[in-house]
There are 6 protein chains.
Amino acid sequence: MFELGVVKRNIVRADKAAVDQLSRFGSATVHEAMGRVGLLKPYMRPIYAGAHACGTAVTVLLQPGDNWMMHVAAEQLKPGDIVVAACTADNTDGFFGDLLATSFRARGAVGLVIDGGCRDVRDLTEMRFPVWSRAISSKGTVKATLGSVNIPVVCAGMSVNPGDVVLADDDGVVVVPAAMAKKVADAAAAREANESDKRAKLASGVLGLDMYKMREPLEKAGLKYID
Amino acid sequence: MFELGVVKRNIVRADKAAVDQLSRFGSATVHEAMGRVGLLKPYMRPIYAGAHACGTAVTVLLQPGDNWMMHVAAEQLKPGDIVVAACTADNTDGFFGDLLATSFRARGAVGLVIDGGCRDVRDLTEMRFPVWSRAISSKGTVKATLGSVNIPVVCAGMSVNPGDVVLADDDGVVVVPAAMAKKVADAAAAREANESDKRAKLASGVLGLDMYKMREPLEKAGLKYID
Amino acid sequence: MFELGVVKRNIVRADKAAVDQLSRFGSATVHEAMGRVGLLKPYMRPIYAGAHACGTAVTVLLQPGDNWMMHVAAEQLKPGDIVVAACTADNTDGFFGDLLATSFRARGAVGLVIDGGCRDVRDLTEMRFPVWSRAISSKGTVKATLGSVNIPVVCAGMSVNPGDVVLADDDGVVVVPAAMAKKVADAAAAREANESDKRAKLASGVLGLDMYKMREPLEKAGLKYID
Amino acid sequence: MFELGVVKRNIVRADKAAVDQLSRFGSATVHEAMGRVGLLKPYMRPIYAGAHACGTAVTVLLQPGDNWMMHVAAEQLKPGDIVVAACTADNTDGFFGDLLATSFRARGAVGLVIDGGCRDVRDLTEMRFPVWSRAISSKGTVKATLGSVNIPVVCAGMSVNPGDVVLADDDGVVVVPAAMAKKVADAAAAREANESDKRAKLASGVLGLDMYKMREPLEKAGLKYID
Amino acid sequence: MFELGVVKRNIVRADKAAVDQLSRFGSATVHEAMGRVGLLKPYMRPIYAGAHACGTAVTVLLQPGDNWMMHVAAEQLKPGDIVVAACTADNTDGFFGDLLATSFRARGAVGLVIDGGCRDVRDLTEMRFPVWSRAISSKGTVKATLGSVNIPVVCAGMSVNPGDVVLADDDGVVVVPAAMAKKVADAAAAREANESDKRAKLASGVLGLDMYKMREPLEKAGLKYID
Amino acid sequence: MFELGVVKRNIVRADKAAVDQLSRFGSATVHEAMGRVGLLKPYMRPIYAGAHACGTAVTVLLQPGDNWMMHVAAEQLKPGDIVVAACTADNTDGFFGDLLATSFRARGAVGLVIDGGCRDVRDLTEMRFPVWSRAISSKGTVKATLGSVNIPVVCAGMSVNPGDVVLADDDGVVVVPAAMAKKVADAAAAREANESDKRAKLASGVLGLDMYKMREPLEKAGLKYID
């Protein structure tokens, strides 16, 4: 549940070692390692190809057309953080641009995930400051109405708590609860170990039908082959 | 964060007296009384005009195209509950129809809020079983993949915990955390007391500009009148 | 595959008895009886609550903003037909209004399914001429570019052949291939026979979990109950 | 082009007799009479079936999530006006409810067209205060940022000038420039005179193909009939 | 019409020479050469700029959130095939990633067109395995419910039969029925021959108005020039 | 208000010096310099990264699926113009491709902004002819129905008059009325002068909270810091 007008200063960030470990995997692998959960909706897209970020969430709740809380959030940033910004209404205004990116980077932030719009994408691309957003828009915002910082938010359909690990790449954005970070990182590693072997087999022409032993369950489910 | 394959049996439901008190207000009033938070996204619409429900949430996490968990949820229902169903992906299939409504009603449920599709809307309308959904669709579902019951879910952009109060009407759906139910009900009552007086004044031709004393702040903000 | 500029005069309509039999069921039941296929996308909505139609398809392929082919189609209508209109591009213009409805009805048509816009909805509602459309729009159309009549079309995501049975109600629109009409009608009847018994059991408080014997497969799939 | 922070007090309203004349027609007829132009996009829908309004536009430019200017607009209303509200960004918040409707009605307004959300739809329906909106939403708004009143706006894709005639019904919303009101009303009347004759012919089974003499142009365009 | 649970093994593929000939043209040219038909809806986008593929269709019908049939399809692939995957409901899950791409390529497939989501886009881009999809999403899928392989499907609004030629590039995806492949390839060649001459003329400043002799028809249609 | 079938030959273009001056800024800066107005909706996207154009508007009103007026517009182009094309209905067809681009460039046009679809994007990218569109689509159009050239249009939610300055880049598209061009260019310059200083401060770790003196207004608005 959202509370407005509140900034939480002390948050418990996920363990740094686990964050580093998670940062080596893709969002798809991590989401599978968690049991196929944790993803933001796929309308969240990186502003440039190859964008990649993994950090601990500082959360922001914005009001539509108002980026006041982004400045409040900047002060709460620590090195390795990623900002996760939700909005109380669907809004595509350009809440974020190169000035805020400069400020966030100066504070050590590694990226931004925003369920709203972003602007100055050319500058941000040159800076290699990665942003995942629902839109790109020149539209400016005001500083008039309070939201909150570091409260639990729902961003693009997923609940995010301050301190959670957020991993984002070309495929999307996944959230790992701080308490599960180490366990999920290990599960992701196990999963990945597995993959290169599978890839080699498939490349040699082995069928998934055989490699995953699907023929029997398919037959049981009633699959019929006809000519 | 979502966990799959889990059913929580004992949940703490909001206080019944507070639920009753809240049920007398509209979703707009309750949302304002909470500080203008708590709403599901407006794509959630009632299947018939005049639908109204207020109850304690039994939450369901569905997989796309699969309504298995709705049957699991039925067993967890107690009189006065309202089912809140989320889905792991955007999906408009008809997860719910008149048979499930019959079962839910037999268990005492007062309605359904589903971030998915609903079918048999003619029968449901005749039964006056209120449903808020993102779509109406004849499309049937399978029973093949586990979701969960009574875990925290994100439904139409809002996080809902089992036991929360959910109030839905023609204007939308609002969620009140169980622990805040009484306080919010009181705030809503205070708000409403206020409203009939305002309505009378406005009906007599008094302007909101004067009643809310807006002229000075508007001038300060720089509003210019021209002819 | 679409061919433009063609009107097929002689089409094989589904057997009338089967059409009559199918008309007694809902779109959801018929779609399930076919093996859970045959539905148009759920953005197709009736212009008034309670709309219901079942007939043999006369198909139309329209160009965006152009309703010339609707007049061509009128001549091909026989009593019991339902017009199914697709468009070569997504378009919400008002291709159809009360004049065309008057003409269609005079030719014996029982309704219209159009992947485009419809207008004069108040008049159509008074006439009880049922229409399922993707939009309601006052926007008029021209008569300048050829489409086709009675070729196979894709309407709202479903392929429809002239002569197929099209059944539409509050829940959506389902297409039954002419050759399968009788078989599907029988399957629907069997399905429905079953339903009233199930409804009674569920109303008495029996759980779907028990009635459908789901407890064992759920356990096998790994469902865990916690307190 | 939009200017913010401005209220124009003296606007030239369309001639009352022409407004009255236009009010007898549907939005589709009027739009055709203007040469098939003037419509708002079809996502603008009435909050209840049968809603109808025709008046002179008082325009409002709103900021997302902020309804301050609605109160400013109320003071500018004269009997017979209809409020046309645009927003600087796509936004579905509930900018308008029964209190504002009470105030608008007390000032003589006949309805509202808003490219945003509306709430209290049950009360508004009971009051028969007609509203066309892009959404229904309980979400409340603040009063913090200036927009404008009675400047030219773009509402749902159509430019509207203060004083223009706005006619809205079940099919949509059409805007007639004040200077053209009389001419369009006459054209609409001519068009309608024509229609009842056409309707009778079509009802008797005459085809549009013959009534509109389409057979020759269709043949010229290359239409082929096959068996 | 869709049938579930069926795999057709022997399909008639379009003539290889015609496929090769078609592969030299763009999707726009081929679609025009067919008489301006055959396109999938424009929401289907390549996962990287410059993607290009032309092959014979192996069709797949998927269930939402379930990619079981993709593995079944792999076995049916022959060199030069392109997989065309439809889904029984709108779904953006990541049905396809680098492992399946490795398998498809090992079987000789030249690309994938999927009315669903795709993941591992960075790896796929490095592999230069071209995919056209409605979304990019990390979301994993299960293997639980049967669809079909090599039945006629509707993919992104277009009906596709197994063996049809599918040509995809930056502009979109076009389907050429196997039986028409040679004829369409010839028509495309004729069209293209024409184009370079036109381009030279236009580059020299000749107007389309003159080159296409539009002045007279425009005048006839009533176009007025004013100063 | 739109009039169909009209071409205005003599339009007053914005002052060339002001256009040149404006062309040095980004769309975000210019929109802010105008008082945060003037933007087209953010669904308008460039067909390639890094696209940039600034010119005087020649406006076109298209009918859905018909690009006749684009050829009419070509004749009205003068060096430094940018074409702004609106459509009477939402339509994503490919109204524009490399042949028209060749013609437009030969006439001196610097780009195209079209509330419709565009094709031949690979060729256009190679030509570096910048286009902002709502879609990319192979779909061809006809030449059958009149629109207009150089009348006021509404393009992607913004009204554009012939001769206005249109500036487009990666962030979006902004329209500056011809009469305001010089004043806005000056305001943009002032704004930008300011920015590099701010950027340096933020890069050094100064917080926006302090640089913009936000702490006091935030406190006044009621922001609470908790631990």
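Since every read-out is calculated from the coordinates, none of them should be taken as a lab result. Keep in mind that this is a model prediction, so the values were computed, not measured. Backbone-built Cβ (ideal geometry, glycine too); neighbour counts: all protein chains shown.
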Show the residues, 5+ positions off or on another chain, whose built amide H is closer than 5 Å to the amide H of E:MET158. E:LYS41
Least to most buried among D:LEU223, F:LEU40, by other C-beta atoms within 10 Å and fewest first, runs D:LEU223, F:LEU40
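How many Cβ atoms of partner chains, on average, are near each residue of C:206-218 if near means within 10 Å of its Cβ?
Per residue, the average neighbour count from other chains is 4.
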Between C:ILE82 and residues 5 or more places away or on another chain, the pairs with built amide H atoms under 5 Å apart involve C:THR56, C:ALA57, C:VAL58, C:VAL110
In debye, nearest 20: dipole of the protein assembly as shown around its Cα centre with unit charges on the Cβ of K, R (+) and D, E (-)? 0
For label points placed 7 Å from Cα toward Cβ, what is the shortest-first list of nm distances from C:LYS213 to its copies? 2.6, 7.3, 7.4, 7.7, 7.9
Reachable aspartates and glutamates, given that their alpha-carbon falls under 12 Å from the alpha-carbon of A:LYS201 and they are not under 8 places away in the same chain: A:ASP210
Using a cut-off of 19 Å between alpha-carbon atoms, which aspartates and glutamates can reach B:LYS213, once sequence neighbours fewer than 8 places away in the same chain are excluded? B:GLU195, B:ASP197, D:ASP66, D:GLU75
Which lysines have a Cα less than 26 Å from the Cα of F:LYS182, not counting those fewer than 8 places away in the same chain? A:LYS139, B:LYS224, D:LYS8, F:LYS8, F:LYS16, F:LYS41, F:LYS78, F:LYS198
Lys and Arg at +1, Asp and Glu at -1: neighbours of E:VAL206 with Cβ under 14 Å from its Cβ sum to +4
Other residues with Cβ under 13 Å from the Cβ of E:MET180 give, with Lys and Arg +1 and Asp and Glu -1, a net charge of -2
Output for segment C:53-141: trypsin sites (Lys or Arg not before Pro) sitting in coil per DSSP, at most 14 other Cβ within 10 Å, listed by number, reads C:ARG128
Spin-label zone in segment D:81-116 - amide nitrogen under 13 Å from a point set 7 Å from the Cα of D:TYR48 along the C-beta vector: D:98
Output ordering of B:71-80, E:159-168 (per-residue mean of other Cβ within 10 Å, highest first) is E:159-168, B:71-80
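Run through segment D:68-169 and list the chymotrypsin sites (Phe, Trp or Tyr not before Pro) located in a DSSP loop whose Cβ has at most 13 other Cβ atoms within 10 Å. Display every interim value, and only then the final one.
Working: sites: D:TRP68, D:PHE95, D:PHE96, D:PHE104, D:TRP132; in loops: D:PHE95, D:PHE96.
When the chymotrypsin sites (Phe, Trp or Tyr not before Pro) of segment D:68-169 are filtered for loop state and at most 13 Cβ neighbours within 10 Å, nothing remains.
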I need to check one value: relative contact order of chain F, counting alpha carbon pairs closer than 8 Å and at least 6 residues apart, in percent. 30
Put a point 7 Å out from Cα along the line to Cβ at B:LYS224; what are the distances to that point in the other copies, in nm, shortest first? 3.7, 4.1, 6.7, 6.7, 7.8
Specify which residue in the list D:TYR43, D:THR88, D:ALA33 is farthest towards the positive end of the charge dipole of segment D:1-107, using unit charges on the beta carbon of Lys, Arg (+1) and Asp, Glu (-1), about the Cα centre. D:ALA33
What residues have an amide H closer than 5 Å to that of B:GLY116, excluding those fewer than 5 places away on the same chain, when H is modeled at 1.01 Å from N in the peptide plane? B:ARG134, B:ALA135
Neighbour-limited loop hits for trypsin sites (Lys or Arg not before Pro), segment C:195-227 (at most 16 other Cβ within 10 Å; DSSP other than H, G, I, E, B): C:LYS213
Using θ = phi - 60° and Karplus 6.51 cos²θ - 1.76 cosθ + 1.60, couplings along segment B:111-123 (whole Hz; Gly, Pro as x): x, 9, 10, 9, 7, x, x, 9, 9, 6, 5, 5, 5
Extension gain, A:LYS224 back to A:VAL206 (0.36 nm per residue minus Cα-Cα distance, nm): 4.3 nm
In whole Hz, with x marking every Gly and Pro, tabulate ³J(HN,Hα) for segment B:51-64 from phi via Karplus 6.51 cos²θ - 1.76 cosθ + 1.60, θ = phi - 60°. 4, 8, 7, 8, x, 9, 6, 9, 9, 9, 10, 9, 9, x
Select the chain B residue whose beta carbon lies nearest to the rotation axis carrying chain B onto chain C, and write the distance in whole Å. B:ALA49, 5
Taking the Cα centre as origin and putting +1 on Lys and Arg beta-carbons and -1 on Asp and Glu beta-carbons, what dipole magnitude results for segment D:74-227, to the nearest 20 debye? 180
Whether segment F:135-175 is rounded, prolate or oblate, judged on the alpha carbon gyration tensor where a/c under 1.5 counts as rounded: oblate
Exposure proxy order (Cβ contacts within 10 Å, fewest to most) of C:ILE114, C:ILE11: C:ILE11, C:ILE114
If I take R0 = 25 Å and measure r between the Cβ atoms of D:ASN194 and D:ARG24 in this structure, what FRET efficiency does the formula 1/(1 + (r/R0)^6) give, to the nearest 0.05? 0.95
Charge tally for neighbours of D:VAL84 with beta carbon under 9 Å away, counting Lys, Arg as +1 and Asp, Glu as -1, is -2
Between copies, how close do the A:GLY35 label points come, placed 7 Å along Cα→Cβ, listed in nm from shortest? 3.1, 3.5, 5.6, 5.6, 6.5
